[in-house]
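Trainee: Before I ask anything, here is the structure I am working with.
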Amino acid sequence: MLPAIPGSPEAISSAGWEELAPLYHALRDAPLDRASVREWLASWSALDDVVDEAYALAMVAYTADTRDAEREKAYLRWASDNAPRLHEVRVKLGERLLPFEADLPDLQLLVREIRTDVELFREANLPRMSELEEMEATYDKVTGGLTVDWDGERKTIPALGPYLLEQDRAVRERAFRAAASAYLEQHDTLGELFDRMVKVRHALAREAGFSNYRDYAFAAKYRFDYTPADCVRFHEAVEQCVIPAIARLHAARRQALGVDTLRPWDLAVHPGMTKRLEPFTSTPEFLGGAERIFTRVDPELGRLFRIMIDERLLDLESREGKAPGGYCTRLSQRRRAFIFMNAVGVHDDVNTLVHEFGHALHAFVTAGIPYTWQRSTGHEGAELASMSMELLAAPYIAKPVGYYDERDAAAAQLEHLEDVLIGLPHIACVDAFQHWLYTDGLEATPAGRDAKWLEIRARFEPNVDWSGLEQERISRWYRQSHIHTAPFYYIEYGIAQIGAMQVWSNAQRDAAGALARYREALALGGTASLPDIYATAGASLVFDAATMVPLVSAIEQRIAELRALAG
C-alpha cells in the first residue's frame, strides 16, 4: 500500500523520525513491478516534496534568527536526526528501483544518480553525517552572532559593507579591520571546529571506499562530466589569463585613487565618485526596482517576482542574529523558491538579489517536471542560472527602470564586471585550498592550514598590499562559509561564471535569442546532462585558458567603455 502523503509541510514541521519512518516504510513495503513502477515513483516524489519543503522551512527559520533556541532545536531535529535517516531510507528505495532501469528509458540520468547513492551508502556513516550537520549549524550560529562596535552602535558584519565604499580611506580601513577582527576573535573556536569537520569527513570517505574526501565528494556531487584534474586545469587557466587582466584593473584603480599601493580596503570604493552608490533606502524601494528590472528583461520574469513578493518568499534585510550570506532554497511541494540575504543598501545587494532570483526562476520554470529529483540540477547548472541572470539584467539598472542615473548605472555595471573577473581567482583559490585540505593537508594543524591559505592566496591575489595584515588575510577563509559548511561547493561558481560570460557574449549579438536559449536550458532541469544544459544555453564547460581568453578580453573591453561613461 502506498503512503498517504501529508497535506502540507506544516503538518510535519515538528516531525521526528518516528513520524516520518512509516511514510517511507509504506513505499519500502509496497508491491512493485513493471506495471506499477511509475505510480510508485510518483508517490515517492510527492512524499519527498512535502518532506523536503518542511526541512527547508526549518532551515529558513533558523538562519533568520540563529539566536532562537527553539528554531535551532527544530532545525537540528531535521538536520542531524531526520536527514541521515532520510538518506538511508531513500537509498533503500533506490535499490528497489534499480532493477526496473530498462523500463525507465527516459529517466537514465536519474537512475545513474540513484545508483551512485546506492554505491556510496554505508550505514556506519549515518552518525558521521549527523555530526557534520550539527557542526555546520554551529558554524552558522557562531558567525551569525558576530557583531562589532561602530561609534557606539552594534553592527553586524554585513552592515559594515557600506563603509568599505566611503571615499575616506581611513574609514574604509577601520571598517575592514573591524570585520576581520570579529572573525579573528573566533579564530580558535572556528579552527577547532573545522579540525573536527575534516577528520569526520575523511573518516566518512574512507568508510565509503575512497582514499580521501575530495574523491568521495566528486562522486557524491554526481560530477560525471569533469574531474579533479580538470579543476586543477581551471586554476591554472585562471592564473594564466585572468590574473593579468586583474593586474591591469588594479593598475587603473591605483592610478585613479592616487595611491602607491592598493590595500585590501581600496578594492571596493569607486574612484572619483563623491559618494558611494546607494540604490535604495527602504525594502519597498529595493523590491520595486528589482521588479521593474525583471519585467524589462522579460515580462514573465516580473510576474514571477511579484508572486514571490505577494507570497512573502523573501527575507532581505541584514539584522542581528541572522546567518551571514545569501541563498535561494526550493520549496518543493508548492513549486516555489525562497530567497534569503543580508541587504544593507549597497549595489552588491542588487547583484545578490538578481543572482538569487536566477535560482528562483530555475524553480519556477521546472515546476512542471513530474519527478522532484529532476526539477533541479547540480550546482554547475544552478549557478549558470543565477550568474547569467546577473549579466542579462545589468543593462536595465538605470532609471526609470532601475535605481540609478546613467553615470551611476555605468559605475554599478563597471563594479559588477570587475567583480566577475576578480571573483574567478578567488574561486580558484578556495577550490585549490579545499583540494589541499582533503588530500595532502589531512594532517595539518590549524596553524598549518592558515599557512597554506596564505601561500595559495598569494598565488591568486597578487598586486594587493597585505603587508602587516597576515592575520586579517587568514581570517578570509574563516569567513568563507562554503569551506566550512559545503565543502567542494565552489568550483561550480567558476564553471558557471565562464558559462554565464558566454551567455552574455551571445546577448551582445542577439539579446532576445540569448534569453530564449537561457530559459530553454533552465527548463530542462535535471532531465539533461550538464554539457547538454550548457549547450542549450549557447555555452560549454571551459577549463582551459585558450577558451577563456576571448571571454576575458570582451569583459575588459566593456569595462573600458563603462569607465569612460562613469567618468
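The values are calculated or read from the model by the stated rules, or taken from the named source; none is laboratory data. Bear in mind that the values here come from a model prediction, so they are computed numbers and not experimental data. Backbone-built Cβ (ideal geometry, glycine too); neighbour counts: all protein chains shown.
Trainee: Which number in (1) buried (at least 23 other Cβ atoms within 10 Å of the Cβ); (2) in contact with a Phe, Trp or Tyr (Cβ under 8 Å, 6 or more places away or on another chain) marks the one condition that GLN413 misses?
Mentor: Of the numbered conditions (1) buried (at least 23 other Cβ atoms within 10 Å of the Cβ); (2) in contact with a Phe, Trp or Tyr (Cβ under 8 Å, 6 or more places away or on another chain), the odd one out for GLN413 is (2).
Trainee: Additional query: Restricting to segment 261-274, name every residue that is at pLDDT 95 or above and not hydrophobic (A, V, I, L, M, F, W, C).
Mentor: Answer for segment 261-274, where residues must be at pLDDT 95 or above and not hydrophobic (A, V, I, L, M, F, W, C): THR261, ARG263, PRO264, ASP266.
Trainee: Please tell me if SER332 is polar (S, T, N, Q), at pLDDT below 95 and in the same structural domain as LEU384 (by TED's automatic domain parsing).
Mentor: Numbers: polar (S, T, N, Q): yes; at pLDDT below 95: no; in the same structural domain as LEU384 (by TED's automatic domain parsing): yes.
For SER332, the condition - polar (S, T, N, Q), at pLDDT below 95 and in the same structural domain as LEU384 (by TED's automatic domain parsing) - is not met.
Trainee: Let me ask you something else. Determine whether segment 431-451 contains at least one residue that is under 26 Å from HIS347 (Cβ atoms), assigned by TED's automatic domain parsing to the domain that holds PRO279 and at pLDDT 95 or above. Please lay out each step first, then the result.
Mentor: Initial filter on segment 431-451 (under 26 Å from HIS347 (Cβ atoms)): none.
No.
Trainee: Moving on. Evaluate the following for PRO228: is it touching a helix residue (DSSP H, G or I) at 6+ places or on another chain (Cβ under 7 Å), of a type outside the set (S, T, N, Q) and touching a residue at least 40 places away in the same chain (Cβ under 8 Å)?
Mentor: Details: touching a helix residue (DSSP H, G or I) at 6+ places or on another chain (Cβ under 7 Å): yes; of a type outside the set (S, T, N, Q): yes; touching a residue at least 40 places away in the same chain (Cβ under 8 Å): yes.
Yes.
Trainee: Next question, about the same structure. Quick test for you: out of ALA237, ALA219, pick the one residue that is closer than 30 Å to HIS270 by Cβ, at pLDDT 95 or above and not charged (D, E, K, R).
Mentor: Details: ALA219 fails: closer than 30 Å to HIS270 by Cβ.
On inspection, the qualifying residue turns out to be ALA237.
Trainee: I'd like to know if segment 4-13 contains one or more residues that are outside any helix (DSSP H, G or I), hydrophobic (A, V, I, L, M, F, W, C) and at pLDDT below 95.
Mentor: Going through segment 4-13, the residues outside any helix (DSSP H, G or I) turn out to be 4-8, 13.
Applying the additional criterion that residues be hydrophobic (A, V, I, L, M, F, W, C) yields 4-5.
Next, from what is left, pick out any that are at pLDDT below 95: 4-5.
Yes, some residue in segment 4-13 is outside any helix (DSSP H, G or I), hydrophobic (A, V, I, L, M, F, W, C) and at pLDDT below 95.
Trainee: Scan segment 305-357 for residues that are within 20 Å of ILE397 (Cβ to Cβ) and assigned to a loop (DSSP other than H, G, I, E, B) and report the count.
Mentor: Here the count works out to 4.
Trainee: Suppose the filter is farther than 19 Å from ALA410 by Cα and of a type in the set (Val, Ile, Thr); does ILE555 pass it? Let's see the steps before the verdict.
Mentor: Numbers: farther than 19 Å from ALA410 by Cα: no; of a type in the set (Val, Ile, Thr): yes.
When the stated conditions are applied, ILE555 does not pass them.
Trainee: Moving on to the next point. Just checking, does segment 88-109 include any residue being within 30 Å of GLU192 (Cα to Cα) and not polar (S, T, N, Q)? Steps first, please.
Mentor: From segment 88-109, those within 30 Å of GLU192 (Cα to Cα) are 88; that's our starting set.
Applying the additional criterion that residues be not polar (S, T, N, Q) yields 88.
Yes, there is a match, as at least one residue in segment 88-109 is within 30 Å of GLU192 (Cα to Cα) and not polar (S, T, N, Q).
For (1) buried (at least 22 other Cβ atoms within 10 Å of the Cβ); (2) small (Gly, Ala, Ser); (3) under 18 Å from GLY538 (Cα atoms), each residue gets a yes or a no:
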| residue | (1), (2), (3) |
| --- | --- |
| GLY381 | yes, yes, yes |
| SER386 | yes, yes, yes |
| TYR396 | no, no, no |
| LYS399 | no, no, no |
| ASP408 | yes, no, no |
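Trainee: Could I ask something else about it? Restricting to segment 22-37, what's the tally of residues that are part of a helix (DSSP H, G or I) and either among the polar types (S, T, N, Q) or free of Cβ contacts under 8 Å to residues at least 40 places away in the same chain (or both)? Reasoning before the result, please.
Mentor: The first filter runs over segment 22-37 and keeps only residues part of a helix (DSSP H, G or I), leaving 22-29, 37.
Narrowing further to those that are either among the polar types (S, T, N, Q) or free of Cβ contacts under 8 Å to residues at least 40 places away in the same chain (or both): 22-23, 26, 29.
The qualifying residues number 4.
Trainee: While we're here: Taking the stated definitions as given, is ALA69 surrounded by fewer than 18 Cβ atoms within 10 Å (Cβ to Cβ), within 22 Å of the chain's Cα centre (by Cα) and free of Cβ contacts under 8 Å to residues at least 40 places away in the same chain?
Mentor: Working: surrounded by fewer than 18 Cβ atoms within 10 Å (Cβ to Cβ): yes; within 22 Å of the chain's Cα centre (by Cα): no; free of Cβ contacts under 8 Å to residues at least 40 places away in the same chain: yes.
No.
Trainee: When you scan segment 464-475, do you find a residue that is among the aromatic types (Phe, Trp, Tyr), modelled with pLDDT of 95 or more and part of a loop (DSSP other than H, G, I, E, B), even just one?
Mentor: If we filter segment 464-475 for residues that are among the aromatic types (Phe, Trp, Tyr), which is where we start, we get 466.
Now restrict to residues that are modelled with pLDDT of 95 or more: 466.
Within this subset, residues satisfying the condition of being part of a loop (DSSP other than H, G, I, E, B) are 466.
Within segment 464-475, one or more residues are among the aromatic types (Phe, Trp, Tyr), modelled with pLDDT of 95 or more and part of a loop (DSSP other than H, G, I, E, B).
Trainee: Of the residues that make up segment 275-291, is at least one aromatic (Phe, Trp, Tyr), part of a helix (DSSP H, G or I) and modelled with pLDDT of 95 or more? Before the answer, list the steps.
Mentor: Just the residues of segment 275-291 that are aromatic (Phe, Trp, Tyr), to begin with: 280, 286.
Imposing the further condition that a residue be part of a helix (DSSP H, G or I) reduces the set to 286.
In the following step, the residues that additionally are modelled with pLDDT of 95 or more were identified as 286.
The answer is yes, given that some residue of segment 275-291 is aromatic (Phe, Trp, Tyr), part of a helix (DSSP H, G or I) and modelled with pLDDT of 95 or more.
Trainee: Considering only segment 233-272, state which residues are touching a Ser or Thr at 6+ places or on another chain (Cβ under 9 Å), under 23 Å from ALA175 (Cβ atoms) and assigned to a helix (DSSP H, G or I).
Mentor: Selection gives ARG254 alone.
Trainee: Also, quick follow-up: Looking at the structure I just gave you, is ALA412 within 30 Å of LEU204 (Cα to Cα) and of a type in the set (A, V, I, L, M)? It would help to see each step written out before you state the result.
Mentor: Working: within 30 Å of LEU204 (Cα to Cα): no; of a type in the set (A, V, I, L, M): yes.
It is false that ALA412 is within 30 Å of LEU204 (Cα to Cα) and of a type in the set (A, V, I, L, M).
Trainee: With GLY302, GLY321 as the choices, which residue is more than 27 Å from TYR163 (Cβ to Cβ), surrounded by fewer than 18 Cβ atoms within 10 Å (Cβ to Cβ) and touching an Asp or Glu at 6+ places or on another chain (Cβ under 7 Å)?
Mentor: Numbers: GLY321 fails: more than 27 Å from TYR163 (Cβ to Cβ).
Being more than 27 Å from TYR163 (Cβ to Cβ), surrounded by fewer than 18 Cβ atoms within 10 Å (Cβ to Cβ) and touching an Asp or Glu at 6+ places or on another chain (Cβ under 7 Å) holds for just one of GLY302, GLY321, which is GLY302.
Trainee: If only one of ARG154, ARG112 is touching a residue at least 40 places away in the same chain (Cβ under 8 Å) and under 30 Å from GLU415 (Cα atoms), which one is it?
Mentor: Details: ARG112 fails: under 30 Å from GLU415 (Cα atoms).
Going through ARG154, ARG112 in turn, just one is touching a residue at least 40 places away in the same chain (Cβ under 8 Å) and under 30 Å from GLU415 (Cα atoms): ARG154.
Trainee: May I pose another question? Suppose the filter is modelled with pLDDT under 95 and surrounded by 19 or more Cβ atoms within 10 Å (Cβ to Cβ); does ALA159 pass it?
Mentor: Details: modelled with pLDDT under 95: yes; surrounded by 19 or more Cβ atoms within 10 Å (Cβ to Cβ): yes.
Yes.
Trainee: Restricting to segment 436-448, name every residue that is crowded, with 20+ Cβ neighbours inside 10 Å and either of a type in the set (D, E, K, R) or part of a helix (DSSP H, G or I) (or both).
Mentor: At the first step, the residues of segment 436-448 found to be crowded, with 20+ Cβ neighbours inside 10 Å are 437-438.
The answer is LEU437, and nothing else.
Trainee: Let me ask something additional. Restricting segment 170-227 to residues that are among the charged types (D, E, K, R) and buried (at least 20 other Cβ atoms within 10 Å of the Cβ), which is farthest from GLN108 (Cα to Cα)?
Mentor: If we filter segment 170-227 for residues that are among the charged types (D, E, K, R), which is where we start, we get 172-174, 177, 185, 188, 192, 195-196, 199, 201, 206-207, 214-215, 221, 223, 225.
Still in the list and also buried (at least 20 other Cβ atoms within 10 Å of the Cβ): 172, 201, 214, 223.
Working: ARG172: 53, ARG201: 30, ARG214: 26, ARG223: 16 Å.
Filtering first and then ranking leaves ARG172.
Trainee: Determine which member of the set ALA514, ALA507, ALA546 is modelled with pLDDT of 95 or more and within 30 Å of LEU110 (Cβ to Cβ).
Mentor: On the way: ALA507 fails: within 30 Å of LEU110 (Cβ to Cβ); ALA546 fails: within 30 Å of LEU110 (Cβ to Cβ).
Of ALA514, ALA507, ALA546, the one residue that is modelled with pLDDT of 95 or more and within 30 Å of LEU110 (Cβ to Cβ) is ALA514.
Trainee: Let me ask something additional. Select from segment 302-326 the residues that are in contact (Cβ under 8 Å) with a residue 60 or more places away in the chain and under 28 Å from VAL50 (Cβ atoms) and list them in ascending order. Explain how you work it out, then say what you get.
Mentor: In the first step, residues of segment 302-326 are kept if they are in contact (Cβ under 8 Å) with a residue 60 or more places away in the chain; the result is 304, 315, 318-325.
If the condition is that a residue be in contact (Cβ under 8 Å) with a residue 60 or more places away in the chain and under 28 Å from VAL50 (Cβ atoms), then LEU304, ASP315, LYS322, ALA323, GLY325 are the ones that fit.
Trainee: Identify, by number, the condition in (1) assigned to a helix (DSSP H, G or I); (2) surrounded by fewer than 20 Cβ atoms within 10 Å (Cβ to Cβ) that ALA363 doesn't meet.
Mentor: The single condition ALA363 does not satisfy is (2).
Trainee: Here is a further query. Can you give me the ranges of the helices (runs of 4 or more DSSP H) entirely in segment 495-567 with at least 2 residues that are under 21 Å from ASP298 (Cα atoms) and of a type in the set (Phe, Trp, Tyr)? I'd like the intermediate steps shown before the answer.
Mentor: Details: elements: 511-523, 530-536, 545-566.
It comes to none.
Trainee: Further question: Can you find even one residue in segment 549-567 that is of a type in the set (Ser, Thr, Tyr), more than 24 Å from ALA363 (Cβ to Cβ) and in the same structural domain as PRO425 (by TED's automatic domain parsing)?
Mentor: yes
Every residue, every condition in (1) touching a residue at least 60 places away in the same chain (Cβ under 8 Å); (2) outside the structural domain of ALA208 (by TED's automatic domain parsing); (3) on the phi < 0 side of the Ramachandran plot, yes or no:
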site	(1), (2), (3)
GLU131	yes, yes, yes
LEU164	yes, no, yes
ARG174	no, no, yes
ALA178	no, no, yes
TYR183	yes, no, yes
LEU193	yes, no, yes
ARG196	yes, no, yes
